[in-house]
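Below is one structure, written out as structure tokens; the observations come after it.
The values are calculated or read from the model by the stated rules, or taken from the named source; none is laboratory data. Computed from a predicted structure; not experimentally measured. Every residue, glycine among them, receives a Cβ derived from its backbone with ideal geometry; neighbour counts consider all protein chains shown. Keep in mind that these areas ignore ligands, DNA and RNA; they rest on the heavy atoms of the full protein, side chains included. Shrake-Rupley method; radii C 1.70, N 1.55, O 1.52, S 1.80 Å.
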Amino acid sequence: MKDFRVRFAPSPTGALHIGGVRTALYNYLLAKKMNGTFVLRIEDTDQKRYVEGAEDYIMQALKWCGIMPTEGQGLGGDYGPYRQSERKDLYQQHIQQLIDNGNAYYAFDTPEELDAMRKRLEEAGGSVRNYCIFTRMDMKNSLTLSADEVAKRLASGDPYTIRLKVPADQTIVINDVIRGEVKFESNTLDDKVMMKGDGLPTYHLANIVDDHAMKISHVIRGEEWLPSTAHHVLLYKAFGWEDNMPQFAHLPLILKPNGKGKLSKRDGQKLGIPVFPLSWDSDKPEDAFTGFKEFGFDPKAVVNFLAFLGWNPGTEQEIFSLDELAQAFSLEKVGVSGARFDFDKAKWYNQEYIKATDNADLVEKVKPWLSEEVLQKGDDYLAAVCGLLKERVEVLPDFKEQSTYFFGPVQTYDDKNVKKRWKPENLARFEELKNMLAGLTTFDAATAEAEVVKFMAKHELGNGQVFPVLRLALAGTMKGPGVYEVMEVMGKEKVIQHFEAAFDYFEKLTKVS
Ligand code: GLU
């Protein structure tokens, strides 16, 4: 059996979209499962779309997700260089081979002539709109010009491209691992450009030459590449490599949260959700994005979430470590229909990972969001607070928002509930409770509870009359962790301070209205 070799082949055209990360992840998982090799190849032959910093971003993003390839650009290996712009000679040789075998031809048409052709075809109203089997003989190329004329033009440096000569009347069959048999009729395909005027190959040529040269056994990529695969198969045939073609697997689209259409880069900005792993800075606000990392996600949760965007283990299990994913993953369980990008689900995953994180580790993760002043309180106190809140937070910045009352006075009270729950006639009683608590020598959840129970019994007060008031006094809201646990973590002094400030505020608020 052939060695199992897969590759991730991004173009450095900007930040790596979450769809690209999913492609990388599936390649990573399969390589791991099959004890294979995961290659990183940078497809940078389109100079016009090249973006400074994009390659670095790709590396950082894969690193953050923990899904690094094992061979390739920046990693070494026997099949380098792994940046396509450094492999020009190889492409030149192959292009020449295509020309020599009659599978490709020079085209000298100017942009104006190409436009005129498209216009003509549009006006004729047929379905053919491009450079192809039906139109190539009307154009200026080495199929229509004399050999002399072609030689003259080449010698004088006339601009040209090289196009694939798609054969007529062939049915191209692709056995996609995910989709089964997919057929294309060659008569519907255009004569794609293989080499551009700048002497660089197009994606199609470079991709096929490299997959072959790098001994790639499985091509796993997004569905948007499926139509191009017909051309790719023709190229494999033209080079005589058809017995050695990789297996293709085209992954389903990732859809917008509402399920309508493909998730785009812009959706992130429009909906205020991350669609990139890491932030991307740009002077132009429309090009700057906030990533999952900066939204406060654990990369393990992101990976777990992404794994399920298109794949399903067929069991009830939802939480998987990377190792478990690698064991369970298979292309056969990847679906054909688009996978909805459900941001609530992403947050759910993150919450599960936060809950499972040790309190001390959580402190380290939350630190980037905390102020200097809060950090001063010490890791033990922060760990205790994180421990209390972790059942309730979805992303790391939630800790900051939900924990303010542990580090200073309550900033805002839920006035509506204060008005509903605070009975001025109970002021003296709550003052008494405050004094009872102040008198405790051991202050923890159990001793505080014993005092509160005593207090309720003495004044014949029920839970509904006491707990909401305590919660509002300590945290300003009705939500949050258990009152006794909050008291223990805060410590006696702060609890008393919170009570004093709160009762004062409650009194004023209820008097005014
Ligand atoms: N360079 C292509 C991309 O940016 C690679 C597609 C493929 O995997 O063949 O997605």
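What to note about this one:
- First in region 228-244 and farther than 15 Å from His94 by Cα, second anywhere and away from the ligand (no atom under 15 Å from the Cβ) and modelled with pLDDT of 95 or more, Cβ under 7 Å, 6 or more apart: Ala230/Ile172; Ala230/Phe184; Ala230/Leu189; His231/Leu164; His231/Leu189; Val233/Ile172
Results for (1) within 23 Å of the chain's Cα centre (by Cα); (2) more than 17 Å from Phe305 (Cβ to Cβ); (3) among the β-branched types (Val, Ile, Thr), shown as yes or no for each residue.
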{"site": "Gln327", "(1), (2), (3)": "yes, yes, no"}
{"site": "Ser330", "(1), (2), (3)": "yes, yes, no"}
{"site": "Lys345", "(1), (2), (3)": "yes, no, no"}
{"site": "Asn350", "(1), (2), (3)": "yes, no, no"}
{"site": "Val363", "(1), (2), (3)": "no, yes, yes"}
{"site": "Leu389", "(1), (2), (3)": "no, yes, no"}
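- Those residues of region 30-43 which are charged (D, E, K, R) and open to solvent by 10 Å² or more (accessible area, probe 1.4 Å), in sequence order: Lys32, Lys33, Glu43
- Every residue from region 183-233 that is polar (S, T, N, Q), under 29 Å from the mean Cα position of the chain (by Cα) and either under 25 Å from Val334 (Cα atoms) or away from the ligand (no atom under 11 Å from the Cβ) (or both): Asn207, Ser217, Ser228, Thr229
- Annotation note: Cβ proximity below 7 Å between a residue of region 393-418 that is more than 16 Å from Val495 (Cα to Cα) and a residue that is among the charged types (D, E, K, R) (sequence gap 6+ or interchain) occurs for Glu394/Lys347; Val395/Lys347; Leu396/Lys365; Gln402/Arg392.
- Residue-level check: of (1) aliphatic (A, V, I, L, M); (2) touching a Phe, Trp or Tyr at 6+ places or on another chain (Cβ under 7 Å); (3) closer than 19 Å to Asp414 by Cα, Met490 misses just (3).
- Of the residues making up region 170-205, those that are small (Gly, Ala, Ser) and either more than 24 Å from Leu253 (Cα to Cα) or in a loop (DSSP other than H, G, I, E, B) (or both) are Ser186, Gly197, Gly199.
- Considering residues of region 11-29 that are open to solvent by less than 10 Å² (accessible area, probe 1.4 Å) and farther than 21 Å from Gly261 by Cβ only, the residue farthest from the ligand (Cβ to nearest atom): Leu29
- Qualifying residue in region 366-374 (condition: open to solvent by 80 Å² or more (accessible area, probe 1.4 Å), under 30 Å from Lys265 (Cα atoms), at pLDDT 95 or above and not in a loop (DSSP other than H, G, I, E, B)): yes
- Restricting the first member to region 438-465 and to residues that are within 15 Å of Lys494 (Cα to Cα), and the second to residues that are open to solvent by 50 Å² or more (accessible area, probe 1.4 Å) and part of a helix (DSSP H, G or I), the beta-carbon pairs closer than 6 Å and six or more apart or on different chains are Phe443/Lys492; Asp444/Glu488; Ala445/Glu485; Ala445/Glu488.
- Within region 244-257, restricting attention to residues that are at pLDDT 95 or above and either open to solvent by 20 Å² or more (accessible area, probe 1.4 Å) or assigned to a loop (DSSP other than H, G, I, E, B) (or both), the residue that is nearest to the ligand (Cβ to nearest atom) is Pro246.
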